[in-house]
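Inspection log for the structure reproduced underneath, given as structure tokens.
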Amino acid sequence: MTIKTTNLGFPRLGHKREWKKAIESYWNNKITKDELDNTLQQLHRSNLVLQQNHNLDSVPVGDFSLYDHILDTSLLFNIIPTRFQDRDVDDDLLFDIARGNKSHVASALVKWFNTNYHYIVPEWDNVTPRVNHNRLLERFNEAKALNVNAHPVIVGPITFVALSKGGDQSFEDKVRTLLPLYVEVLQSLIQAGAELIQIDEPILVTDQAAELEAITREAYEAFAEADVAKALVIQTYFERANVKFLSALPVKGLGLDFVHDHGYNLQQIENGDFDRSKTLFAGIIDGRNVWAADVEAKKALIEKLSQYSDDLYINPSSSLLHVPVSLEDETLEDDIRDGLSFATEKLETLDALKRAVNDNDTEAYDRLHAQYTRFQNQAFKNLEYDFESVRAERASAFSERKVVQQQRLNLPDLPTTTIGSFPQSPEVRKQRADWKNKRISDEAYRQFVQDEIKRWIEIQEDIGLDVLVHGEFERNDMVEFFGEKLDGFLVTKFGWVQSYGSRAVKPPIIYGDVKWTAPLTIDETVYAQSLTDKPVKGMLTGPVTILNWSFERVDIPRSTVQDQIALAINEEVLALEKAGIQVIQVDEPALREGLPLRKEYHEDYLAKAVHSFKLATSSVTDETQIHTHMCYSQFGQIIHAIHDLDADVISIETSRSHGDLIKDFEDIDYDLGIGLGVYDIHSPRIPTEDEITTAIERGLQQIDRSLFWVNPDCGLKTRKEDEVKAALTVLVNSARKLRQEAVETN
Ligand code: GLN
Ligand code: ZN
């Protein structure tokens, strides 16, 4: 048996974020377009050569982009938003569509399936599809000139149309419009020597796939008719695909994810659903996480798969866009390094497997096997937990808690509060950077944070808010902050991944059992409380969000990791309570975005999310008021889970969803405290008193007044100090007026 190796896409970002820095410098007029082009060309080439040097039989080309590969495809086919149609199709247009400019708003950004990557939504209104500047061909030729054995990557027509919006044509007609354009591009690539073309169709792993089969068949039969299907590998990832259906299409091959498919892809293969004369791109190494693979298990899988395909490639389960570039410059203890594998190391693993399978050359394989085994046996992965000993239900029902909380807090009608953060001013960021780089002492930094807290407690008192916050000045990021302080988490130096455009995030890595060992937020919160008689709300990030915005462990069930985090947060909740904090908010902005791709897994996900949140928050006494926050209002089918969280108060974003804001609350009798965001913090505009009053009154039509809170949509860290002061003053005045009116009419 002989197998080959390939890859589906490589991170664009560059090991030290060179890509981001070059693009942003260009936006800020610090470098010219030529300089940008040169830097990016070098980066592109070094990515290709790096992959080639890892002995791949075929290196992907076309995954590299100046912003987003879906936007590249839109430009390639001239799917340009109406408001930008009078312009030349070039890179400046690309950036303007992505970011907006003085006269026109940007196109929408949407989450790429269940990842934290975001793509630019193609807009079909009034478009004149045609093939523009064929950059894919250029890049392919560039690879050839470097003697890199490359295969072009392009997003397929079914996925492209499914992710786009607007236009009068039906879904099918949009696909039909694009087919000849695809044929033109595919032909150009085949003529240039491409024998394999990876055509990404991840939409075919979603619940939508079944209803798309007819048009999928039509499209790929048309490609066969035009004699371009002979090079196409239909690539799926993130979930299972319908192997029998795709195998019957007249294409060269099929790419399947054998990591995130819940075992179903392999099952279908073993059922004989795969046509063995076709090429199989087998996604056996996880393209979404940072862990070293169990090479022994992977080798067994390869042996199994090789019985079902005569042309077998092994590759990551998806593009490596979702993982950092390399471990090279990390300073890590050896026992942790053993377990990690970023994009570059994943390519090494593929090569080790190939050598072991093809040539019985097991040197690299044996080393990886030993490392994997060592890592799995680490003490930090084998702590004991007693999940049962922690309460996952509040002692009393909300109706009883509400009474004792009110006795203690003595809040007015329509209480006002904020979501937690105040402006991360340039000064705040500078002090933190100075402290991190050891330019100022721990003591000086602590003093700075305290001064800032004091200033903002006074501001909040002057404005007249009812429940105050300390302002989160000590936090860089609501997940990384906790990752730095809890056992079991690792914060890397260069573990960046692209979130959207030039924006990158550095998710912490959960490598071991999670443990709370020392207070995380007590100092700042207690200090803030010492300055005022008003209640100060403690501010924590919840277990579901911490897990979802980290690289998670996969050697134990996800729900176990989530519950471990929940126990850690529970410790902090109890520590805050013990220190006299009466209101504690546990944010869960990522709860909804973590929903699995397929509906059949939603119920299980939500039940586990609710359980973890309750594990984190239910041990407090009845008098302690638990808040939560989410940055969206379209709860739809998850509204019941939101209610099940049993938080005393939830604050949610609503101001951008206008009239339909509370639709989801109509089919459920929402009977817990709720703060509907009354103004949009994403805009620098100061709301008027009328606007806020209207927003409150609209909410009151749906929600009982005794449950209603008045607050902004989200945290205020991105706003300027003056804006925040002005907006909160208006907010408090509106609430006061409404209280006064209520007194007068009674
Ligand atoms: N408490 C956080 C803040 O105010 C919440 C942020 C969020 O919802 N993403 O910034
Ligand atoms: Zn928010």
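The values are calculated or read from the model by the stated rules, or taken from the named source; none is laboratory data. Worth saying up front: this structure is predicted, and the values here are computed from it rather than measured. All Cβ positions, glycine included, derive from the backbone under ideal geometry; neighbour counts span all protein chains shown. For accessibility, only protein heavy atoms count, side chains too; no ligands or nucleic acids. Shrake-Rupley method; radii C 1.70, N 1.55, O 1.52, S 1.80 Å.
Ranking request for peptides 47-59, 467-479, 214-226: highest mean number of other beta-carbon atoms within 10 Å first, then the rest in descending order.
Details: 47-59: 19.9, 467-479: 23.2, 214-226: 17.6.
Peptide ranking by packing, descending: 467-479, 47-59, 214-226.
How long are the three semi-axes of the equivalent ellipsoid of the chain, in whole Å, if each is the root of 5 times an eigenvalue of the C-alpha gyration tensor, listed from largest down? Working shown, then result.
Details: eigenvalues 431, 181, 128 Å².
Whole-Å semi-axes of the equivalent ellipsoid: 46, 30, 25.
Using the alpha-carbon atoms, what tilt in degrees (0 to 90, nearest 10) does helix 213-225 show relative to the longest principal axis of the chain?
30
Ignoring ligands, DNA and RNA, what accessible area per residue does the stretch 523-613 give at 1.4 Å, in Å²?
Numbers: 3000 Å² over 91 residues.
Solvent-accessible surface per residue comes out at 33 Å².
Taking the stretch 438-557 as the region of interest, what is the percent of Cα-Cα pairs per 10 angstrom bin, listed from the shortest bin to the one with the maximum distance?
Computed distribution, short to long bins: 12, 35, 31, 19, 3, 0.
Rounded to the nearest 0.05, what FRET efficiency do Thr694 and Lys454 have when you use their Cβ-Cβ distance and R0 = 41 Å?
Values: r = 35 Å, r/R0 = 0.85.
Given R0 = 41 Å and the Cβ-Cβ separation, E is 0.70.
Go ahead and run the numbers for FRET between His682 and Thr2, Cβ-Cβ distance against an R0 of 41 Å, rounding to 0.05.
With a Förster radius of 41 Å, E is 0.15.
Where does the charge balance sit around Val743 when Lys and Arg score +1, Asp and Glu -1, over other residues with C-beta under 14 Å from its C-beta? Each step should come with its number before you reach the end.
On the way: positive: Arg705, Arg736, Lys737, Arg739; negative: Asp413, Glu741, Glu744.
With Lys, Arg at +1 and Asp, Glu at -1, the net is +1.
Considering every pair of different Cα atoms, what Kirkwood radius, in Å, is found for the stretch 531-600? Numbers along the way, then the final one.
On the way: mean 1/r = 0.0730 Å⁻¹.
After inverting the mean inverse Cα-Cα distance, the result is 13.7 Å.
Using Cα positions and a limit of under 24 Å, work out the lysines in reach of Lys174, with same-chain residues fewer than 8 apart set aside.
Hits, sequence-local ones excluded: Lys111, Lys165, Lys230.
Apply the Karplus parameterisation 6.51 cos²θ - 1.76 cosθ + 1.60, with θ equal to phi minus 60°, to every residue of the stretch 31-40 and state each ³J(HN,Hα) to the nearest whole Hz, in sequence, with x for glycine and proline.
10, 7, 4, 4, 4, 4, 4, 5, 4, 5
Measuring with a 1.4 Å probe in the full set of protein chains, what accessible area per residue, in whole Å², belongs to the stretch 51-204?
Working: 5730 Å² over 154 residues.
Each residue of the stretch 51-204 exposes 37 Å² on average to a 1.4 Å probe.
Normalised by the empirical 2.2 N^0.38 Å for globular proteins, what value does the Cα Rg of the stretch 101-151 take?
On the way: Rg = 16.5 Å, N = 51, 2.2 N^0.38 = 9.8 Å.
Output field value: 1.68.
Between Leu574 and Thr745, what is the FRET efficiency for a Förster distance of 35 Å, r being their Cβ-Cβ separation, to the nearest 0.05? Could the numbers behind the result be given before it?
Numbers: r = 43 Å, r/R0 = 1.23.
Computed FRET efficiency for Leu574 and Thr745 comes out at 0.25.
Would you pull out the residues with amide H under 5 Å of Lys16's amide H, same chain only if 5 or more places away, H placed 1.01 Å from N?
It is none; the list stays empty.
On the accessible surface of the chain, probed at 1.4 Å, how many percent belong to carbon and sulfur atoms? Mind showing how you got there, number by number?
Numbers: 13640 of 29650 Å².
Exposed carbon and sulfur together represent 46 percent of the surface.
Residues of the stretch 115-154 with amide nitrogen under 15 Å from the 7 Å Cα-to-Cβ point of Gln208?
So the set is 115, 119-124.
With angles folded into 0 to 90 degrees, how steeply does helix 689-702 sit against the dominant principal axis of the chain? Use alpha carbons for both and round to 10.
Helix 689-702 sits roughly 80 degrees off the main axis of the chain.
From the square roots a ≥ b ≥ c of the eigenvalues of the alpha-carbon gyration tensor of the stretch 154-271, which class results: rounded (a/c under 1.5), prolate (a/b over b/c), or oblate?
Oblate, because a/c is 1.5 or more while a/b does not exceed b/c.
Angle check, please: helix 18-27 long axis (alpha carbons) against the longest principal axis of the chain (alpha carbons), in degrees 0 to 90, nearest 10.
Tilt of helix 18-27: around 70 degrees.
Got a sec to turn the phi values of the stretch 203-212 into Karplus ³J(HN,Hα) couplings, 6.51 cos²θ - 1.76 cosθ + 1.60 with θ = phi - 60°, whole Hz, x for Gly and Pro?
After applying 6.51 cos²θ - 1.76 cosθ + 1.60, I find 4, 6, 9, 9, 4, 6, 3, 4, 6, 9 Hz.
Rounded to the nearest angstrom and ordered from largest down, what semi-axes does the equivalent ellipsoid of the stretch 308-384 get from its C-alpha gyration tensor (root of 5λ)?
Three semi-axes, in Å: 25, 17, 13.
Suppose each label sits 7 Å from its Cα in the direction of the beta carbon; what would the Tyr264-Arg439 distance come out to in nanometres?
Roughly 5.3 nm, to one decimal.
Taking a 32 Å limit on the Cα-Cα distance, which of the listed pairs Lys304/Lys599; Lys354/Lys485; Lys16/Lys537; Lys102/Lys537; Lys20/Lys438 fall beyond it?
Values: Lys304/Lys599 30 Å; Lys354/Lys485 40 Å; Lys16/Lys537 38 Å; Lys102/Lys537 39 Å; Lys20/Lys438 26 Å.
Pairs exceeding 32 Å: Lys354/Lys485; Lys16/Lys537; Lys102/Lys537.
Of the beta bridges DSSP finds with both residues in the chain, what % are antiparallel, to the nearest 5? Walk me through the intermediate numbers first.
Numbers: 10 of 65 bridges.
Counting only bridges with both partners in the chain, antiparallel ones make up about 15 percent.
Separation between the Glu195 and Glu35 pseudo-spin-labels, each 7 Å from Cα along Cα→Cβ, expressed in nm?
4.3
Tell me the mean residue ellipticity at 222 nm calculated for the chain from its helices only (DSSP H runs of n ≥ 4, each -39500 (n - 2.57), averaged over every residue, nearest 500). Spell out each step's value before the answer.
Working: 26 runs with 309 residues, N = 746.
That calculation yields -13000 deg cm²/dmol at 222 nm.
Using a 10 Å cut-off on Cβ atoms, rank the peptides 127-139, 143-155 from the highest mean neighbour count down.
On the way: 127-139: 16.2, 143-155: 19.5.
Taking the mean over residues of other Cβ atoms within 10 Å, the ranking is 143-155, 127-139.
Each residue of the stretch 155-169 in turn: what ³J(HN,Hα) in whole Hz from Karplus with 6.51, -1.76, 1.60 and θ = phi - 60°, glycine and Pro shown as x?
Karplus-based 3J(HN,Hα) across the stretch 155-169 equals 6, x, x, 5, 5, 4, 5, 4, 8, 9, 9, x, x, 8, 5 Hz.
Give me, ordered by chain and number, the residues 5 or more places off Thr279 or on other chains with an amide H under 5 Å from its own placed amide H.
Gly253, Leu254
Test of understanding: what is the full-extension gain from Trp27 to Ala145, defined as 0.36 nm times their sequence separation minus their Cα-Cα distance?
Values: separation 118, 0.36 × 118 = 42.48 nm, distance 3.01 nm.
Result: 39.5 nm gained on full extension.
Taking amide H atoms as placed 1.01 Å from N in the peptide plane, list the residues 5 or more away in sequence, or in a different chain, whose amide H sits under 5 Å from that of Asp200.
Amide H to amide H, under 5 Å and 5 or more residues apart or across chains, Asp200 pairs with Ile154, Val155, Gly156, Gln235.
Starting from the Cα of Thr560, step 7 Å along the direction of its Cβ; do the same at Asp671; then give the gap between the two resulting points in nm.
3.8
Once fully extended, how much extra length lies between His133 and Lys230, figured as 0.36 nm per residue of separation less the alpha-carbon to alpha-carbon distance? If you can, show how the numbers build up before the last one.
Details: separation 97, 0.36 × 97 = 34.92 nm, distance 2.43 nm.
Once the chain is fully extended between His133 and Lys230, it gains 32.5 nm.
What ranking do 553-566, 429-442 get when scored by the average of other Cβ atoms within 10 Å per residue, highest first?
Working: 553-566: 20.1, 429-442: 13.3.
Peptide ranking by packing, descending: 553-566, 429-442.
Students sometimes get this wrong: rank Thr331, Thr177 by accessible area, probe 1.4 Å, all chains present, largest first.
Numbers: Thr331 115, Thr177 40 Å².
Per-residue accessible area, sorted high to low, gives Thr331, Thr177.
Give me the extension gain from Ala248 to Asp335: residue separation times 0.36 nm, minus the current Cα-Cα distance, reported in nm with one decimal. Display every interim value, and only then the final one.
Values: separation 87, 0.36 × 87 = 31.32 nm, distance 4.69 nm.
Extra length available between Ala248 and Asp335 comes to 26.6 nm.
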